[in-house]
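**Student:** First, the structure itself, so that you have it in front of you.
Nothing in this text is a laboratory measurement; each read-out follows from the coordinates by a stated rule. Just so you know, these numbers come straight off a predicted model, no measurement behind them. FYI the Cβ positions are ideal-geometry reconstructions off the backbone, even for glycines, and counts take in every protein chain you see.
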Amino acid sequence: MSLAKITSVSGRAVNVPGNDIDTDRIIPARFMKCVTFDGLGEFLFHDVRKDPKTGQITNHPLNDARFSGATILLSGANFGCGSSREHAPQAIQKYGFKAVIAEGFAEIFFGNSTTLGMPCVNANREDIAKIAAALAKDPATEVTIDLAKLEVRFAGQAVKITLRESARDALVNGRWDAIGELIEGIPSVKSTAAKLPYLAA
Amino acid sequence: MPESLFQKVWNAHAVRTLANGQTQLLIGTHLIHEVTSPQAFGMMRDLKLKVLMPHRTFATVDHIVPTNELVEPYKDPLAQAMMDELRKNCAQFGITFFDRATGKQGIVHIVGPEQGITQPGTTIACGDSHTSTHGAFGAVAFGIGTSQVRDVLATQTMALGALKVRRIEVNGKLRPGVYAKDVILHIIRLLGVNGGTGYAYEYAGSTFDGFSMEERMTVCNMSIEGGARVGYVNPDETTFAFLKGRPYSPNGADWDKAVANWRSFASDPGCHYDDVVKINAADIAPTVTWGINPGQGITILENVPDPAKATAADEKAGIEEALAYMKLKPGAPIKGTKIDVAFIGSCTNGRLSDFREVAKYVKGHKVAAGVKAIAVPGSQIVALQCEKEGIDKVLAAAGFEWRAAGCSMCLAMNPDKLVGEQLCASSSNRNFKGRQGSPTGRTILMSPVMVAAAAVAGSVADAREVFSVS
């Protein structure tokens, strides 16, 4: 299986501010009644994009036409907290996003996203505010996430980002989906299992 | 060198180091359910992969099952499709499925321990964030995404980096009316909803030593609400006594060998911890949430926070957003907040001891007029035992609807949902916006006995007063 080497992501970006944006907010559970991930993009942030009482569209950033076509999502601390549902990063990716910049990510969400080849990079609060300010000023601002230099460039500025080295390595070297490598290890898996009483039987 | 349980289990299951530096970790036990597994089986078919160790994956159905409709086809065709898909996948790949007809169906985190599948010193994974529950037995148990479900099916391993370990020691005796649920809500309030990111939580101290397995499960269950993907308690005599005689537990001569092996996984005295937190059990009070994440908790005697008193701008914004959603007044007492629904159940608090405790107190009381109260056992076995003990009758006499096993209103993927802006006193684990099925529905998390008190009072109440607990 040959995977793309993801060394950078460039495109327009949209700011969805707030801390602790949970996976139920990203994709409400009722949209998980499905046996494939197809079509999940349509329901991304569904209940905050549509007023549940009136059915009218809200002023959520994803409803703002100036940001349509954005491929980079910007948010706050502990993004993707809550459930382990891969439906959340799947919905984000299927909506058209290629990367997320946030102050921090929940553990399971981060791993799920990396496995889908969608970089989740951390920037500090002040730097996220700078990017957000540039986007507010000019929604067409081109943003580049550089995984080699570990920086985000936008509007003539550059800010530092961090990304766990194992994830960075996997993305830039095109091995973010580990299945091929895991399969190669099966002979060692069997010998490890044979040493454990509960698996040896 | 002395090692923690986490390190010992990790080392025993580490297969090799992958090119990116992560570990290929052997997952001894894999649990699946209908929501997060169908896509993984789809990927298996696309890639023409076989399940490597079909006897190490166990399936049940929990999220979508109706709790008041037992006959198939279900009214909701999507729910039926998910049910059918799981049956088909288990049959095709040779996986044991605790379907309803087996009498062993239930919430995946209740079924594993009940069957004795959950054992100390093992690694467990499930496409469900509350897999941390199984850590109560001294297992290292991870919630995983669907691509990883595929990885575990195909290779019985997944790619992971090691976690740091934080020991959370709770010492002393809990005061009357204070439960395991209050302990974990207190911990999350103290350390934050992302305080555990990158950590496994080791719960220890005399409070945990004295806890039953069910109490330990309640705490480990909500580790993820504190950001910790893994939470565990070292195995001890309580653990072994719980496991003895269960269907998948070792027996005969194997039992003694297994116990000796399990014991050896417990953290060594003097081992390294990346962090240690100490809590005095007497400082914990009945705790309830006021906001839209599980860290937004207060004791029943406290007032809802006032954003005007917040010290940081994002803290202020967070409080304002939560209060606007919850329709609570800044600085007002949480006690007395009118409720519409009371829910007792979930993988956090849907076990026998939860219903026993509730039955003990609600006997002779009535659910307040206008409150819809439902009690949902976590498994068919829990349901049967409650029915044998007459707990279902006590709850029904008090005005609770006694339902069949499933996740139910914890996340409302079945017909049990809040309607409109209803407020629910809930023994579940998440109070996120829209969590209980209505995009504007509101949730206040608390212990089962506190839910019962709220149901009887018709408003958020102090169970110690309502039921004269002393």
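**Student:** Search the structure for amide H atoms under 5 Å from the amide H of A:L147, placed 1.01 Å from N in the peptide plane, and list their residues when 5 or more places away or on another chain.
**Tutor:** A:S8, A:V9
**Student:** While we're looking at this one, here's another question. How long is the protein assembly as shown along each principal axis, judged by its Cα atoms, biggest number first, in Å?
**Tutor:** 70, 60, 55
**Student:** While we're on this one: Could you go through the range B:108-120 in sequence order and give the Karplus-derived ³J(HN,Hα) for each residue, using 6.51 cos²θ - 1.76 cosθ + 1.60 with θ = phi - 60°, rounded to whole Hz, and x for Gly and Pro?
**Tutor:** 3, 7, 9, 5, x, x, 4, 7, x, 6, 6, 9, x
**Student:** Now for a separate question. Hey, what do the phi angles of the range B:314-329 turn into as Karplus ³J(HN,Hα) couplings, whole Hz, using 6.51/-1.76/1.60 and θ = phi - 60°, x for Gly and Pro?
**Tutor:** 6, 5, 4, 4, x, 5, 4, 4, 5, 5, 5, 5, 7, 6, 10, 8
**Student:** Amide H to amide H, which residues 5 or more places from A:L196 or on other chains are under 5 Å from it, using H placed in the peptide plane?
**Tutor:** none
**Student:** Separation of the range B:47-98 and the range A:18-95 by C-alpha centroid, Å?
**Tutor:** The range B:47-98 and the range A:18-95 have Cα centres separated by 27 Å.
**Student:** Percent relative contact order of the range B:354-470, based on C-alpha pairs within less than 8 angstrom and at least six residues apart?
**Tutor:** On the way: 205 pairs, mean separation 29.2, N = 117.
Result for the range B:354-470 is 25 percent.
**Student:** Only sites in a loop by DSSP and with at most 10 other Cβ atoms within 10 Å count here; which trypsin sites (Lys or Arg not before Pro) in the range A:1-104 make the cut?
**Tutor:** Numbers: sites: A:K5, A:R12, A:R25, A:R30, A:K33, A:R49, A:K50, A:K53, A:R66, A:R85, A:K94, A:K98; in loops: A:K5, A:K33, A:K53, A:R85, A:K98.
Passing sites in the range A:1-104 are A:K53.
**Student:** Using Cα-Cα distances under 8 Å and only pairs 6 or more residues apart, what relative contact order does chain B have, in percent? If you can, show how the numbers build up before the last one.
**Tutor:** Working: 1130 pairs, mean separation 80.0, N = 470.
RCO, chain B: 17 percent.
**Student:** Two decimals is fine: what's Rg over Rh for the range B:196-274, C-alpha atoms, Kirkwood radius as Rh? Before the final figure, lay out the partial values.
**Tutor:** Working: Rg = 14.0 Å, Rh = 13.9 Å.
Here the Rg-to-Rh quotient is 1.00.
**Student:** Let me ask something additional. How large, in Å, is chain B by the Kirkwood hydrodynamic radius built from its alpha-carbon pairs?
**Tutor:** Details: mean 1/r = 0.0445 Å⁻¹.
Its Kirkwood hydrodynamic radius stands at 22.5 Å.
**Student:** Related question: On average, how many beta carbons from a partner chain sit within 10 Å of the beta carbon of a residue in B:377-386?
**Tutor:** On the way: counts 0, 0, 0, 0, 0, 0, 0, 0, 0, 0.
Counting other chains' Cβ atoms within 10 Å and averaging over B:377-386 gives 0.
**Student:** Using the Cα centre of the protein assembly as shown as the reference point, and only Cβ charges (+1 on K/R, -1 on D/E), how large is the resulting charge dipole? Debye, rounded to the nearest 20.
**Tutor:** The dipole magnitude comes to about 380 debye.
**Student:** When the C-alpha atoms of the range B:49-130 are aligned to their principal axes, what extent does each axis show, in angstrom, from largest down?
**Tutor:** Sorted from largest, the Cα extents of the range B:49-130 read 42, 29, 24 Å.
**Student:** Where the only charges are on Cβ atoms (+1 Lys, Arg; -1 Asp, Glu), what is the dipole of the range B:316-440 about its Cα centre, to the nearest 20 debye?
**Tutor:** So the dipole magnitude of the range B:316-440 works out to roughly 260 debye.
**Student:** Moving to a separate point now. Looking at chain A as a GNM with Cα springs under 10 Å, which of A:A155, A:A134, A:A106 has the largest mean-square fluctuation?
**Tutor:** A:A155
**Student:** Mind giving me the FRET efficiency for A:K5 and B:D268? R0 is 41 Å, r the Cβ-Cβ distance, nearest 0.05 is fine.
**Tutor:** The computed FRET efficiency comes out at 0.45.
**Student:** I'd like to know which of B:V170, B:S267, B:W290 lies farthest towards the positive end of the charge dipole of the range B:170-319, counting +1 on Cβ of Lys and Arg and -1 on Cβ of Asp and Glu.
**Tutor:** Farthest towards the positive pole: B:W290.
**Student:** Does the range B:106-264 come out rounded, prolate or oblate, given a ≥ b ≥ c as the square roots of the eigenvalues of its C-alpha gyration tensor, rounded meaning a/c under 1.5 and, failing that, prolate meaning a/b above b/c?
**Tutor:** Working: a/c = 1.77, a/b = 1.08, b/c = 1.64.
Since a/c reaches 1.5 but b/c is at least a/b, the shape of the range B:106-264 is classed as oblate.
**Student:** I'd like the FRET efficiency for B:K50 and A:D51, computed as 1/(1 + (r/R0)^6) with the beta carbon distance as r and R0 of 45 Å, rounded to 0.05. Before the final figure, lay out the partial values.
**Tutor:** On the way: r = 48 Å, r/R0 = 1.07.
The value I calculate is 0.40.
**Student:** State the Cα centre-to-centre distance between the range A:115-169 and the range B:166-201 in whole Å.
**Tutor:** Going from one Cα centre to the other spans 35 Å.
**Student:** Next up: Of B:A342, B:S428, B:F98, which is farthest on the positive side of the dipole of the protein assembly as shown, counting Cα position, with +1 on Lys and Arg Cβ, -1 on Asp and Glu Cβ, and the Cα centre as origin?
**Tutor:** Farthest along the dipole direction, towards plus: B:F98.
**Student:** Next up: Sticking to Cα atoms, compute the Rg of the range B:277-410 to one decimal and its Dmax as the biggest Cα-Cα distance, whole number, in Å.
**Tutor:** Every Cα atom of the range B:277-410 included, Rg and Dmax give 17.8, 54 Å.
**Student:** Going by amide H atoms built from the backbone, whose H comes under 5 Å of the H on B:F432, apart from near neighbours?
**Tutor:** It is none; the list stays empty.
**Student:** Across the Cα atoms of the range B:324-389, what radius of gyration and what greatest pairwise Cα-Cα distance (Dmax) are found, in Å?
**Tutor:** 15.0, 46
**Student:** Arrange the following residues from fewest to most other Cβ atoms within 10 Å of their Cβ: B:L52, A:L135. Write out the running numbers ahead of the final one.
**Tutor:** Working: B:L52 19, A:L135 24.
Lowest to highest Cβ neighbour count: B:L52, A:L135.
**Student:** Find out how many positive minus negative residues lie around B:A141, taking Lys and Arg as positive, Asp and Glu as negative, among other residues whose Cβ is under 12 Å from that of B:A141.
**Tutor:** Values: positive: B:R229; negative: B:D128.
Charge balance near B:A141 sits at 0.
**Student:** Then there is this: Taking the simple approach of a point 7 Å from Cα along Cα-to-Cβ for both B:N251 and B:E421, what is their distance in nm?
**Tutor:** Result for the modelled spin labels: 5.7 nm.
**Student:** On to the next question. Helix A:125-137 versus the longest principal axis of chain A: what angle, 0 to 90°, nearest 10, using Cα atoms?
**Tutor:** 50
**Student:** Given contacts defined as C-alpha pairs under 8 Å and at least six residues apart, what's the relative contact order of the range B:1-110, whole-number percent?
**Tutor:** On the way: 114 pairs, mean separation 30.5, N = 110.
The normalised contact order for the range B:1-110 reaches 28 percent.
**Student:** Between A:L150 and B:K327, what is the spin-label point distance in nm, taking each point 7 Å from the Cα along the Cα→C-beta axis?
**Tutor:** For the pair A:L150/B:K327, the computed spacing is 4.8 nm.
**Student:** Oh, and also: Using only the Cα atoms of the range B:346-470, construct the convex hull and provide its projected area averaged over every direction, in square nanometres to one decimal. Write out the running numbers ahead of the final one.
**Tutor:** Numbers: hull surface 27.4 nm².
Quarter of the Cα hull surface area: 6.9 nm².
**Student:** Using the Karplus curve 6.51 cos²θ - 1.76 cosθ + 1.60 with θ = phi - 60°, work out ³J(HN,Hα) for each residue of the range B:36-47 in order, rounded to whole Hz, and write x for Gly and Pro.
**Tutor:** For the range B:36-47, the Karplus curve yields 9, 9, x, 5, 5, 5, x, 5, 4, 5, 4, 8 Hz.
**Student:** For the range B:223-354, with only Lys/Arg (+1) and Asp/Glu (-1) charged at the beta-carbon, what is the dipole magnitude about the Cα centre, in debye rounded to 20?
**Tutor:** Working: 13 positive and 17 negative charges, 82 e Å.
Charge dipole of the range B:223-354: 400 debye, to the nearest 20.
**Student:** Another question about this same structure. Taking 25 Å as R0, compute the FRET efficiency from the Cβ-Cβ separation of B:E465 and B:N280 and round it to 0.05. The partial results should precede the final answer.
**Tutor:** Values: r = 24 Å, r/R0 = 0.94.
Taking R0 as 25 Å, the efficiency between B:E465 and B:N280 is 0.60.
**Student:** Could I ask something else about it? Please report the antiparallel percentage of DSSP beta bridges with both residues in chain B, rounded to the nearest 5.
**Tutor:** Details: 13 of 55 bridges.
Within chain B, antiparallel bridges account for around 25 percent of the total.
**Student:** So which of B:K8/B:K181; A:K130/B:K181; B:K316/B:K366; A:K98/A:K160 end up more than 30 Å apart, counting from Cα to Cα? Write out the running numbers ahead of the final one.
**Tutor:** On the way: B:K8/B:K181 28 Å; A:K130/B:K181 41 Å; B:K316/B:K366 39 Å; A:K98/A:K160 19 Å.
Exceeds cut-off: A:K130/B:K181; B:K316/B:K366.
**Student:** If I model a spin label at B:L301 and B:A313 as a point 7 Å from the Cα along the Cα→Cβ vector, what separation in nanometres do I get?
**Tutor:** Rounded to a tenth, the inter-label distance reads 3.7 nm.
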